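Read-outs: derived from the displayed coordinates by stated rules, not from any lab. Keep in mind it's a predicted model, so treat the numbers as computed, not measured. We place every Cβ from the backbone using ideal geometry, glycine too, and count neighbours over all the protein chains shown.
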Amino acid sequence: MEEQLSRQARIDINQTTALVCEKCGNDTFQEQYKWRKISALISPTGKEARTPIQIWVCTKCGEMSIDLVPLELRGLVVPVKLS
Ligand SMILES: [Zn+2]
């Protein structure tokens with residue numbers, strides 16, 4: 001426990017900023033996964049594969065928080081038509 005704490009910087013919570021949903025202002029989020037299919041042509045194994053991408057969505061309106069998507073994945077997050 002102490003070891004875990006010593007590895008983290010202690011920051012005054014008053015100096016942090018709450019992340020809120022851009023759509024409704026709610027400040028709680030839930031983790032969900034988008035799944036991507038990787039074609040055999042670009043898959044490292046040479047076989048078709050599937051990979052999950054973790055995203056966070058607002059618990060109130062379901063809007064995805066772009067602030068919580070890792071920077072390297074933001075380019076991958078595009079609106080997908082489900083119909
Ligand atoms: Zn929301």
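How far, in nm, would the chain grow between Thr59 and Asp27 when pulled straight, counting 0.36 nm per residue and subtracting the alpha carbon separation?
Between Thr59 and Asp27, full extension yields 10.7 nm more.
Around Ala49, what is the net charge, scoring Lys/Arg as +1 and Asp/Glu as -1 over all other residues with Cβ under 12 Å from its Cβ?
+3
What's the local net charge at Gly25, with K and R +1, D and E -1, over the other residues with C-beta under 12 Å away?
Every neighbour counted, the sum reads -1.
Quick check on packing: order 43-50, 55-62 by the mean number of other C-beta atoms within 10 Å, highest mean leading.
55-62, 43-50
In cubic angstrom, how much convex hull volume per residue do the alpha carbon atoms of segment 19-69 span?
On the way: hull volume 3.8 nm³, N = 51.
For segment 19-69, the hull spanned by Cα atoms encloses 74 Å³ per residue.
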